[in-house]
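The values are calculated or read from the model by the stated rules, or taken from the named source; none is laboratory data. Just so we're clear, the structure is a prediction, and the values are computed from it rather than from any experiment. Backbone-built Cβ (ideal geometry, glycine too); neighbour counts: all protein chains shown.
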Amino acid sequence: MPKLENLRIAIIHEWFVNYAGSERVVEQILNIFRHADLFAVVDFLDDSQRGFIQHKKVTTTFIQKLPFAKNKFRQYLPLMPLAIEQLDLSAYDLIISSSHAVAKGVLTSPHQLHISYMHSPIRYAWDLQHQYLQESNLERGIKSWIARWILHQMRIWDTRTANGVDLFIANSEFIARRIQKVYRRSARVIYPPVDLQNYSIQEQKQDFYLTASRLVPYKRIDLIVEAFSQMGDRQLIVIGDGEQMAKIRSKAGRNIKFLGHLEPSELRKFMQTAKAFVFAAEEDFGITPVEAQACGTPVIAYGRGGVCESVRGLEVDRPTGVFFPKQTAESICTAIQEFEKSGDRITPTACRENAMRFSTARFQAELLSFVQQAWQNHRSHSQT
C-alpha cells in the first residue's frame, strides 16, 4: 500500500486573499503534506503574504481573471459552483478540501479519497440566510427575490456535492451538528490549530476589558460597545477595523477607546493585560477566545457556537469564562457584573491550561492519524 508521502495530494481552499482562521488550517495541512499542490477559486495574496502556503503556486479558476475580481470576488458567488467544478483533479490520489462555501464541490472519482475539513456549510445559504439578507438590506424588492433564488440554488448544489465527499471533518461539535442537519452526514471533530507558542501567560491584569475583531455585522461589536456605553465606569478597548467602524463609534461613550488595526505582536500585549476578553459573535469555532485564554485572560462570551467548547463556564470546575445567553447589550452587562462578582474563581493558569487543548501539534497529530486511517480503509475497500 502506498505511503502518504508517495501519494499525489491536492489541497483545495475557497480563496487566498488574507491570513485568517481557515488559512491557518491550510497552513498546518501543508506543514503535514508539504508536497501537496494547492487549488482555489482565486488567489490574490501578495508576495509578502505567501509564506504560510510555502510560496506555492495556486491553480485558480476562471473567476481569477474576471473584471474587478481582486476586490469584488465574493460578488461572483453564483458562478463559484461552476468554477470549482472546472478544476481538474483527476491526477491526484488524495484530495483534502478546506471548505466554508464551495471548495468541497470539486469533482472526484471512486478511486480518489476526498476528505473535507468543514469550517461550516455555506452559512448564508442555510440557517443564517435571514440574517444575511437583513444585514445586506435585501429583505424586500426584486433584488431580494433574486438573492433568495440564488441562495436556493446554492442549497441544492451544496446538498448534492456533499455526496462527493468521502469523509467529513468538522472544526467543532457545533459544526458537526450543522453538517448532520444539512447533509445528514456524520463528521469527526478535529479542532483547528491555534499557534499558542506566540502567546504567553500574564498574571497581572490591568483595569480594562478588551474586544478584537473585524468590524463586520455578525461579530456584534456594536452590542459590546453599546453595553459598555451603559457602564461608563468600566473601560473598553476595541481593536480592529472594518465597514462598521463609523456606525459603532457613534454608539461609543467616553470610556471606550478604538485603536484600529494592530499588528499581532501589539494585539498580544493587550490580550495579556486585559481584565477579560469580550466576544459576542456566534462563531463556528472562534480562535481569538482561545488566544486570549492562552494569555491567561478570561473570556466573556455569547453562549452559542464553538466558543462553548473552547471556554469553560462558571458552572464547571476550573472555569475560564462567563457566558451570556442573548445577543443584547443588557445580557452583556449582566455577564460583566457576574464576572466581577465571581471572576476570582477564574485563574490565569486555568485559562492557559484550557487553551493548550487546541495547540498546533495536537491538530497535526490528530489530522495525520485520521488521514492515515482513512487512506488505509479506502485502499482496502478499493481492492475488494
For this session: Tell me, yes or no, whether region 292-315 has at least one residue that is basic (Lys, Arg), surrounded by fewer than 23 Cβ atoms within 10 Å (Cβ to Cβ) and within 22 Å of the chain's Cα centre (by Cα).
Result: yes
Problem set entry | Condition check for GLY51: crowded, with 16+ Cβ neighbours inside 10 Å, assigned by TED's automatic domain parsing to the domain that holds THR108, more than 25 Å from LEU82 (Cβ to Cβ) and of a type in the set (Gly, Ala, Ser) | no
For this session: Could you tell me which residue of region 322-359 is farthest from the chain's Cα centre (by Cα), considering only residues that are part of a helix (DSSP H, G or I) and among the small types (Gly, Ala, Ser)?
Result: SER342
Exercise. If you check GLU14 against the conditions, is it charged (D, E, K, R), assigned by TED's automatic domain parsing to the domain that holds ILE175, under 19 Å from PRO192 (Cβ atoms) and outside any helix (DSSP H, G or I)?
Worked result: yes
Exercise. Can you pull out the residues in region 67-96 that are within 21 Å of SER382 (Cα to Cα) and touching a helix residue (DSSP H, G or I) at 6+ places or on another chain (Cβ under 9 Å)?
Worked result: ASP93, LEU94, ILE96
For this session: Being in a helix (DSSP H, G or I) and of a type in the set (A, V, I, L, M, F, W, C) is the filter here, so list the residues in region 271-284 that pass it.
Result: MET271
Exercise. Filtering region 1-30 down to residues that are within 25 Å of HIS378 (Cα to Cα) and touching a Ser or Thr at 6+ places or on another chain (Cβ under 8 Å), which residue is surrounded by the most Cβ atoms within 10 Å (Cβ to Cβ)?
Worked result: ILE12
Exercise. Among the residues of region 270-281 satisfying the criterion of being surrounded by fewer than 24 Cβ atoms within 10 Å (Cβ to Cβ) and in contact with a strand residue (DSSP E or B) (Cβ under 6 Å, 6 or more places away or on another chain), which is nearest to TYR199 (Cα to Cα)?
Worked result: PHE270
Exercise. What are the residues in region 152-190 that are of a type outside the set (Gly, Ala, Ser), part of a loop (DSSP other than H, G, I, E, B) and surrounded by fewer than 21 Cβ atoms within 10 Å (Cβ to Cβ), if any?
Worked result: ASN163, ASP166, ARG184, ARG185, ILE190
Seminar exercise, completed: For VAL41, the lone unmet condition from (1) over 17 Å from PRO193 (Cα atoms); (2) in contact with a helix residue (DSSP H, G or I) (Cβ under 7 Å, 6 or more places away or on another chain); (3) in a loop (DSSP other than H, G, I, E, B) is (3)
For this session: Show the residue pairs that are 6+ apart or on different chains and have beta-carbon atoms under 7 Å apart, the first residue being within region 227-251 and within 15 Å of PRO217 (Cα to Cα), the second being among the hydroxyl-bearing types (Ser, Thr, Tyr) and at pLDDT below 95.
Result: GLY240/SER213
For this session: Residue by residue through region 285-321, note down the ones that are closer than 21 Å to VAL238 by Cβ, in contact (Cβ under 8 Å) with a residue 40 or more places away in the chain and either assigned by TED's automatic domain parsing to the domain that holds ARG177 or assigned to a helix (DSSP H, G or I) (or both).
Result: ILE287, THR288, VAL290, GLU291, ALA292, GLN293, ALA294
Problem set entry | helices (runs of 4 or more DSSP H) contained in region 46-147 and holding at least 2 residues over 19 Å from the mean Cα position of the chain (by Cα) and within 30 Å of LEU4 (Cβ to Cβ) | 80-85
Exercise. Which ones in region 31-44 are touching a residue at least 60 places away in the same chain (Cβ under 8 Å) and surrounded by fewer than 18 Cβ atoms within 10 Å (Cβ to Cβ)?
Worked result: ASN31, ILE32
Problem set entry | GLU330, sole failed condition from (1) in the same structural domain as ILE175 (by TED's automatic domain parsing); (2) more than 25 Å from MET271 (Cβ to Cβ) | (1)
Exercise. Taking interchain pairs and intrachain pairs at least six residues apart, which have beta carbon atoms under 7 angstrom, with the first residue in region 117-133 and in contact (Cβ under 8 Å) with a residue 60 or more places away in the chain and of a type in the set (Ser, Thr, Tyr) and the second assigned to a helix (DSSP H, G or I) and surrounded by 18 or more Cβ atoms within 10 Å (Cβ to Cβ)?
Worked result: TYR117/VAL25; SER120/ILE175; SER120/ARG178
